[in-house]
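All remarks here apply to the structure that follows.
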Amino acid sequence: MKDLLKFESRKLFHAKILYICIIIVIAVLLLFMGVQKLTDVLMEEISGAESDIFLIGTGNSGLSWMLSSLTPYVIMVFGVFTAIYVCGDFGNGTIKNIFSRGYSRTEVYFSKYFISLFVLLGFGLISMLIGFLGGTLMWRIGGGWSFKVILLMLIQLVGIAAYNALFCFFAALLKKMATTMILAIATPFAFSLILSLIDLLVDLRRVNVSDFWISGCISSASSVGASSGDMIRGLVVALVYIAIFTVCGWLLARKREV
């Protein structure tokens, strides 16, 4: 398993898709911030006040953009990368060479699982860094810095781990790069939209169904004003999804035909 992880990591760092996805993540965030800054400038010229409209539902500062950087568009890039990376060897047939070396399906699955997890966590940290730097340069650093900010970032990283488990589950279920990619792209948008509509149509008394999906776990930790209850719920729900999708993906991978 250790040798397989080394092999996968070396192969990954020579893959163009890794660097392409990093560039896309940075470009998406800079585009959002650029449009927001332009909106602020136009609103200031019209009314003399900074815009009250925020593209990702937060105020404008390095801190707020850092905590709100994991938008569905960024998560979509995460899904594309995972689909290409996890399904790539199966699509081009090179996976047979790996199995011929004596590695089991479990070892292959978890080697790709952990490498993609490492990469997605790296993507997440890059997103937060770009959000902080861009928000600070365009507006201000922002107030409210405390140890709580670190906790919020850690909860969001756990949310990313839940998405990784979901995307790897899709790969084990569908087995094809194209279909896995489509589902990985559609899921962050579709589930968020559907659950938000349910929240609007159904009154569940201070309980939002969308809070119990992965995106809700991340959004619950996207503001320094988040309550401890929201943070705990987001963390627990994300951990549950990690356990469910990891186990289900592993069970499917064990029966996967090469």
Q: Please tell me if residue 229 is surrounded by 16 or more Cβ atoms within 10 Å (Cβ to Cβ), more than 30 Å from residue 89 (Cβ to Cβ) and of a type outside the set (A, V, I, L, M).
A: no
Given the conditions (1) over 27 Å from residue 62 (Cβ atoms); (2) touching a residue at least 40 places away in the same chain (Cβ under 8 Å), every one holds for residue 214 apart from (1)
Residue pairs within 6 Å by beta carbon, gap of at least six or interchain, first lying in region 96-118 and in contact (Cβ under 8 Å) with a residue 60 or more places away in the chain and among the basic types (Lys, Arg), second surrounded by fewer than 16 Cβ atoms within 10 Å (Cβ to Cβ) and part of a helix (DSSP H, G or I), listed first then second, are 105/254
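Checking the structure you have, find out if any residue of region 175-185 is of a type in the set (D, E, K, R) and part of a loop (DSSP other than H, G, I, E, B).
yes
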In region 9-40, residues that are modelled with pLDDT under 90, surrounded by 12 or more Cβ atoms within 10 Å (Cβ to Cβ) and not acidic (Asp, Glu) total 7
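The values are calculated or read from the model by the stated rules, or taken from the named source; none is laboratory data. Given the structure is predicted, the values throughout are model-derived calculations rather than measurements. Using ideal geometry, Cβ is built from the backbone for each residue, glycine included, and neighbour counts are taken over all protein chains shown.
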